[in-house]
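Quick note: the coordinates plus some simple rules give every number you see, no bench work behind them. The structure displayed is predicted, hence computed values, not measured ones. We place every Cβ from the backbone using ideal geometry, glycine too, and count neighbours over all the protein chains shown.
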């Protein structure tokens, strides 16, 4: 491989046809899947199932909640505390 140059494979930015075909096939079932999720959210007997269905609907409608990669969500550092405790056992 030439240093710093890509050789072989798809040209950068070219979509993967197999992935595109799978996404297109899955989208055909989208409305039915959302309807089933809504039915589960309204009629399920377990809270876990209702919450999971509602979460999936919201994730698709509004996107997943962002996950901060800093310590405080405002660009602050990630703080970790490591503590070593030495216990001296004295026998009487």
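Relative to the dominant Cα principal axis of the chain, helix 17-27 is inclined by about 90°. At the listed q of 0.11, 0.18, 0.26 Å⁻¹, the Debye profile of the chain, built from one uniform point per Cα, gives log10 I(q)/I(0) equal to -0.75, -0.98, -1.24. Summed over qualifying helices (DSSP H, 4 residues or more, each -39500 (n - 2.57)) and divided by its residue number, the chain shows a 222 nm mean residue ellipticity of -14500 deg cm²/dmol. Note on residue 36 and residue 49: the model spin-label points, each 7 Å out from Cα along the C-beta direction, lie 1.3 nm apart.
Projecting label points 7 angstrom from Cα along Cα→Cβ for residue 28 and residue 84 puts them 6.3 nm apart. Comparing mean-square fluctuations of 63, 48, 13 from a GNM of the chain with C-alpha springs under 10 Å, the top value falls on 13. Here the contact order of the chain, divided by its residue count and restricted to Cα pairs under 8 Å and six or more residues apart, works out to 12 percent. Helix 47-62 and the long axis of the chain differ in direction by around 60°, with both axes built from C-alpha atoms. Relative to the dominant Cα principal axis of the chain, helix 30-43 is inclined by about 50°.
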